[in-house]
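The values are calculated or read from the model by the stated rules, or taken from the named source; none is laboratory data. These numbers were taken from a predicted model, which means no experiment stands behind them. No Cβ is skipped: glycine too gets one built from the backbone with ideal geometry, and neighbour counts run over all protein chains shown. The area values use the complete protein model at the heavy-atom level, side chains included, leaving out ligands, DNA and RNA. Shrake-Rupley method; radii C 1.70, N 1.55, O 1.52, S 1.80 Å.
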Amino acid sequence: MSAKEKPETKRLPMMPIRDVVIFPHMMTPFVVGRESSVRALEEALAGEKKIFLATQHDASIDEPRPDEIFTVGTIANIVQSLKLPDGNIKVLVEGIERAKVVSVSDDEGFFRAVVRTFATRVEAGTQVDALTSRVTSLFEQYVKLSQNLNYETMIAAIRVDDPGKLADTVGANLQLTIEEKQELLEVFDPVDRLTRVAEMLDIEIEKLSVDRTIQGRVKRQMERAQKEYYLNEKIKAIQKELGRGEKSEYDDLKKKIEQAGMSKEAHDKAMLELKRLEQMPPMSAESTVSRNYLDWLLAVPWKNKTKEIRDLKFAREVLESDHHGLEKIKERILEFLAVRRLVKNPKGSILCFVGPPGVGKTSLGMSIAKATGRKFVRMSLGGVRDEAEIRGHRRTYIGALPGQLIQMMKKAGTKNPVFMLDEIDKMSTDFRGDPSSALLEVLDPEQNSSFQDHYLDVEYDLSEVFFVATANVLHTIPPALQDRMEVIRLSGYTELEKMEIAKKFLVAKQRDATGLNDTNIEWADSGIAQLIQYYTREAGVRNLEREIGNVSRKIARKVVEAEVDGEQATAAVVEASAKPKKKSAKSKKQEDVAPEPLQSIQPKVFVNDKVVQDLLGPQKYRDLQMTRKNEIGTTCGLAWTEVGGTMLTTEVSIMEGRGKLTTTGKLGDVMQESAQAALSYIRSRAHVFGLNRDFYRHLDIHLHVPEGAIPKDGPSAGITIATSMCSALSNIPVRGDIAMTGEITVRGKVLPIGGLKEKMLAAHRHGIYELILPKDNEKDLPDIPEVIRKDMKLHFVESMDEVLKLALAGDLQALPVPQSGVGTVENPRPTDDKLTQ
C-alpha cells in the first residue's frame with residue numbers, strides 16, 4: 001500500500017533534453033550545447049545546483065516551445081560539469097525525484113519552471129514484498145539473456161528496499177522506446193510503477209528468448225555447413241594422398257566443357273562460371289543456380305549433327321508413302337534436298353504450311369524429318385502469350401529456365417533437327433511481351449545464327465535448323481513474321497483424294513487401333529463414299545478418320561460378342577459329348593472328331609453403304625443436288641472460312657414499306673456495304689429490270705444470310721446479294737443448280753475474289769457443278785485439281801448483266817428507256833433493253 005504526502009512546489013531552471021529520459025536515483029552524463037540550455041545550466045550552478053530536466057516530444061526541434069516538452073520530468077542534482085573546447089558543456093547529473101510542471105516562463109533567455117513534487121510513502125505488506133521479489137527475479141532473468149548489461153553491476157543496483165527506487169532502476173536499464181520510458185516516468189505511485197515494470201519485463205524477456213532461439217539455429221546451420229565443407233576437403237585430401245586418382249566433380253565438368261564444342265564466347269562463360277562454382281560453399285543456393293546453368297550449357301547440342309539423307313529417290317518414296325497428293329509441298333522438299341547436295345553450307349529453310357484443319361500439316365513435318373533423316377521436335381504455340389516462352393527467363397529469377405526453343409534443341413540432341421512451330425497463328429500478346437516479335441529473330445536466316453536466349457546469355461546457332469510452321473489462317477500472323485517464311489498453302493481434299501487417303505492410310509490405322517484384322521472387316525468403296533458424302537462435310541480428313549473409327553469400334557463389339565457366343569456354344573458341345581450315352585455304330589466312327597473351331601463362328605463384315613447407314617444411323621448431311629430447286633430471292637453463294645470453303649445461301653424478301661434496307665445474319669461492315677452497292681446498282685438500272693424508277697420508295701427490302709449465329713464478312717457475296725434482290729423485285733426465280741462468288745461495284749462490274757480453290761472444292765462437295773466466277777480469277781484455274789475442273793462448268797463474267805443472264809430462270813422484261821429531264825437519270829452506259837437467258 002502507498003500513501004501520498006503533501007505536495008511541494010519549487011521554482012527551478014528547466015532544461016529540455018533529447019533522446020533520453022532521466023529517472024530518479026540514476027546517474028546520467030550528457031552534453032549541453034544549446035544557448036538556452038547553457039544559460040539554464042549556469043543559473044543552476046550559480047544556485048543550489050538543482051535543475052529540472054524534461055524530455056521534448058520531437059528530438060529534431062532545436063528550440064522547442066513549452067507545449068512541445070513533456071510536462072513530467074525529473075529534478076536532478078548537477079554532480080559535475082566540464083566545459084569542452086567547442087563551447088559545449090559536459091555534465092553529470094543525478095536524478096532526485098520526479099515532478100510535474102505547473103507553469104513555464106522564458107523571460108530570462110532560458111526556461112524557468114514552477115514544478116510540483118509528489119512524495120509517496122509505501123507501507124510494507126505481503127503484496128508489495130511479493131511484487132518486489134517478482135520484479136527482482138524477472139530482472140535477473142532479463143540481465144542473463146541480455147548481452148548489453150553487466151550481470152554483477154545490475155544485481156548490485158537492484159538490491160534496494162524502496163519499491164519506487166527499484167522500479168526506477170529497472171525501468172532505466174530496460175531497452176525501451178522514449179515513449180515507453182516517459183510513460184513509466186509519469187506513474188507517480190510506486191506500486192503501480194512496479195506493476196508496470198513487471199509487465200514490461202515479461203514482454204522483453206519473451207523477445208530476448210525468441211532472438212536467442214533464432215541466433216542459435218542460425219549458428220548451428222553455419223557450423224554444420226562449415227563442418228561439411230571441412231570434411232569434404234579432408235576427404236579430397238585423403239583420396240589424393242592415397243593416390244586413387246579420383247577426379248572431382250569440377251574436373252568432370254571441365255572435361256565436358258572442353259569436349260562440348262562450344263563457341264568461344266560460350267566456352268569462356270562456362271569456364272568463368274565453373275571457377276565461381278569452385279569457390280562457393282557446396283550447400284549455398286547460389287551454387288545450385290550456377291550448377292544448373294552449367295548443366296544447361298552442356299545439355300544443348302553445340303556440334304552434334306544428324307547425318308542427312310540426300311537421296312531424292314528415297315525422299316520421294318517416303319513422302320508418297322505417307323501422304324496422298326500435296327504435289328507442291330513434295331516438290332519443294334525435293335528441291336531443298338537437291339540444293340543440299342550442291343551447296344556445302346546452305347542456310348536453313350523456313351516453311352509455313354497454311355490450310356484448314358485435318359489436311360496433314362503437322363504429319364507433313366514428321367514426313368520431312370523422316371525423308372531427310374533428321375530428328376523431329378514439335379513446339380505448340382497455341383495460346384502462348386509470354387515472350388519468355390521463346391527466349392527464356394534471366395537467371396536472376398528464382399526457378400528460371402531457358403525458353404522452349406533451347407529446351408526443344410536439348411530434346412532433339414542435334415543442331416540440325418526439323419523443328420515444327422505448330423499453330424503459329426494462335427499466339428497472343430499481353431503485358432508479358434509479344435512472342436511473335438521474339439520469333440522474328442528465330443525465323444530470319446540472316447539473324448538466327450546468333451540467337452541469344454535470356455537464360456544462357458550466349459549466342460546459339462539455329463541456322464542449320466529446318467523450321468516448319470503451321471497455321472490455319474495468315475491474317476493473324478504479323479506481316480513482318482509472314483515475310484520471313486515461305487508460305488505454302490494446303491487446300492482441302494477432293495472426294496477422290498479422300499477416298500484414296502482412306503483406303504491407303506485411315507482404314508488400316510483404325511483397324512489396328514481397334515484390334516481388328518483382314519479376317520474381321522473389309523471396306524467397300526461404297527462404304528467409304530457413304531461416309532465422305534453423308535456423314536462428313538470438311539476440307540480435311542479428321543472427321544472421316546473419326547467416323548471410320550466409329551464404324552470399326554461397332555464391328556469390334558460384334559466380333560467380341562460373336563466370340564463369347566462361340567465359346568458358349570463350344571462349351572455346350574464339349575459338355576454334351578462328355579455325358580455317357582448309348583452309342584450307335586455311326587457315332588462310334590465319329591467319336592474322335594473335334595468340336596467346330598471358334599474361327600468358323602466369327603463373321604467377316606463387308607462394310608458397304610448399307611452397313612454404314614445401319615451402324616451410324618440417319619445421314620447427317622443431305623444430298624443437296626437432289627433437293628435444290630429454283631426459288632425467288634434465294635441464291636447459292638460460296639464463302640471461304642478458316643476450315644475451308646462452304647456454301648452460303650442468300651435470301652431476300654420484299655414487303656410494303658418506305659425504302660428501308662434491313663440486313664440480318666450477323667453481317668460485317670464490308671458485307672453490309674456490298675448490299676448497299678447491289679441496291680444502288682439495281683436502282684440505277686431499274687428500267688432494265690422492269691421496275692419503276694421510284695420502286696424503292698414503297699418497298700422494304702430484307703436481306704438475310706443463314707446461319708444467323710455465325711459472323712460473316714467480306715465483299716465476295718456482292719453478286720450473290722444483287723442476284724437475290726433482282727430476283728425478288730422482278731419475281732423471277734434463281735436457278736438452284738448454280739452457285740456464284742464475286743465482288744460487285746455500283747456500276748455493276750464484277751471484281752476478283754480470293755480463296756477460289758477452297759470455294760470450288762466446297763461447291764463440288766455440295767453437289768453444285770456449275771459456277772459463276774469473276775473473269776480475273778481465270779488465271780487461278782491451274783491451282784484447281786484436274787478432276788474438279790473436268791466435273792464443273794465454269795462461267796467467267798465481267799459484269800452483273802452477264803450474271804443475271806446465267807442465274808435467273810426467266811427473262812427480264814425491260815421498261816422503255818426514260819427520257820432525259822428533271823428527275824430522270826440517264827443510263828451511263830449502253831445496254832440491251834432486254835436481258836435474255
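Here the ratio of the Cα radius of gyration of region 499-574 to 2.2 N^0.38 Å is 1.33.
Calculate, in nm to one decimal, what Q147 and A237 gain on full extension: separation in residues at 0.36 nm each, minus their alpha carbon distance.
Gain on extension, Q147 to A237, equals 28.3 nm.
On the principal axes of its alpha carbon atoms, region 185-276 extends 84, 38, 13 Å, with the longest extent given first.
Whole-Hz Karplus values for region 261-274 come out as x, 5, 5, 4, 4, 5, 5, 5, 5, 5, 5, 5, 5, 5 Hz, taken residue by residue from phi with 6.51 cos²θ - 1.76 cosθ + 1.60 and θ = phi - 60°; glycine and proline positions read x. Qualifying chymotrypsin sites (Phe, Trp or Tyr not before Pro) in region 355-448, where qualification requires a DSSP coil assignment and no more than 10 other C-beta atoms within 10 Å, comprise F431. With N the number of residues in region 21-108, Rg(Cα) / (2.2 N^0.38 Å) evaluates to 1.05. Using equal-weight Cα scatterers in the Debye expression, the normalised intensity of region 257-325 in log10 at q = 0.22 Å⁻¹ is -0.93. Each residue of region 217-227 was assigned a 3J(HN,Hα) from its phi angle through the Karplus curve 6.51 cos²θ - 1.76 cosθ + 1.60 (θ = phi - 60°); the sequence is 5, 4, 5, 5, 5, 5, 5, 5, 5, 5, 5 Hz, with glycine and proline shown as x. Rg and Dmax of region 643-684, based on Cα coordinates, read 12.5, 41 Å. Solvent-accessible area per residue in the chain equals 53 Å², computed with a 1.4 angstrom probe and all protein chains kept.
Ligands, DNA and RNA left out, the 1.4 Å accessible surface of region 1-137 is 48% carbon and sulfur atoms. Using a simple spin-label model with pseudo-atoms 7 Å out from Cα toward Cβ, R34 and Q226 lie 4.8 nm apart. Rounded to whole numbers, the Karplus 3J(HN,Hα) couplings from phi for region 438-450 are 5, 6, 4, 6, 5, 9, 9, x, 7, 10, 6, 6, 10 Hz, using 6.51 cos²θ - 1.76 cosθ + 1.60 with θ = phi - 60°, and x at Gly and Pro.
Each Lys or Arg adds one and each Asp or Glu takes one away; over the other residues whose Cβ falls under 14 Å from the Cβ of G617, this sums to 0. Between the amide H of N416 and those of T306, distances stay under 5 Å, these residues lying 5 or more places away or on another chain, with hydrogens modeled in the peptide plane. Across region 672-716, Cα-Cα pairs farther apart than 11 Å form 73% of the total.
Estimated at 0.36 nm per residue, the fully extended path between F796 and V473 surpasses their Cα-Cα distance by 113.6 nm. Percent of C-alpha pairs per 5 Å bin in region 681-766, short distances first: 3, 11, 19, 24, 21, 13, 7, 3, 1.
The simple spin-label model puts a point 7 Å past each Cα toward its Cβ; for E500 and K749 those points are separated by 4.1 nm. Taken over the C-alpha atoms, the chain has Rg and Dmax values of 49.2, 155 angstrom. Computed from the Cβ-Cβ distance with R0 of 41 Å, the FRET efficiency linking T126 to T9 stands at 0.70. The packing ranking of peptides 433-440, 555-562, highest mean first, is 433-440, 555-562, where packing means the average number of other beta carbon atoms within 10 angstrom of each residue. Pairs of C-alpha atoms in region 322-424 farther apart than 20 Å represent 48 percent of all such pairs. For Y460, what residues show an amide H to amide H distance below 5 Å, using hydrogens built from the backbone and excluding near sequence neighbours? For Y460, the qualifying residues are F451, Q452, D453.
Computed from the alpha carbon positions, the gyration tensor of region 700-745 leads to an equivalent ellipsoid with semi-axes of 18, 14, 12 Å, biggest first.
Each peptide among 730-740, 266-276 gets the average number of other Cβ atoms lying within 10 Å of its residues, and from highest to lowest they stand as 730-740, 266-276.
For T213 and D461, calculate 0.36 nm times their separation in residues minus their Cα-Cα distance, and state this gained length in nm to one decimal.
Extra length from T213 to D461 when fully extended: 83.9 nm.
When both bridge partners sit in region 1-78, DSSP labels roughly 55% of those beta bridges antiparallel. Using the Cβ-Cβ distance between K509 and K313 with R0 = 45 Å, the FRET efficiency computed as 1/(1 + (r/R0)^6) comes to roughly 0.95. Here region 252-406 has an Rg and Dmax of 20.8, 63 Å, counting Cα atoms alone. Counting protein heavy atoms only, region 362-492 has 48 percent of its accessible area on carbon and sulfur, 1.4 angstrom probe.
Tell me the label-point distance for the pair Q813, D252, using the 7 Å Cα-to-Cβ offset, in nm and rounded to one decimal. According to this spin-label approximation, the distance is 9.9 nm. In the chain, the DSSP-assigned H stretches of four residues or longer account for a calculated mean residue ellipticity at 222 nm of -13000 deg cm²/dmol, using -39500 (n - 2.57) per stretch and the full residue count as denominator. Solvent-accessible area assigned to carbon and sulfur over region 222-339 amounts to 54 percent, based on a 1.4 Å probe. Dipole size of region 735-793 about its Cα centre, with +1 on Lys/Arg Cβ and -1 on Asp/Glu Cβ: approximately 160 debye, rounded to the nearest 20. Between helix 361-372 and the chain there is an angle of about 90 degrees, using the helix long axis and the longest principal axis of the Cα atoms. Separation of region 371-439 and region 768-808, taken as the distance between their Cα centroids, equals 44 angstrom. Report note on the peptides 498-511, 516-529: ranked by the mean count of other C-beta atoms within 10 Å, highest first, their order is 498-511, 516-529. Length, then width, then depth: along the principal axes, the Cα atoms of region 92-195 run 49, 34, 22 Å.
Remark: the chain carries a charge dipole of roughly 3360 debye about the Cα centre, counting +1 on each Lys and Arg Cβ and -1 on each Asp and Glu Cβ.
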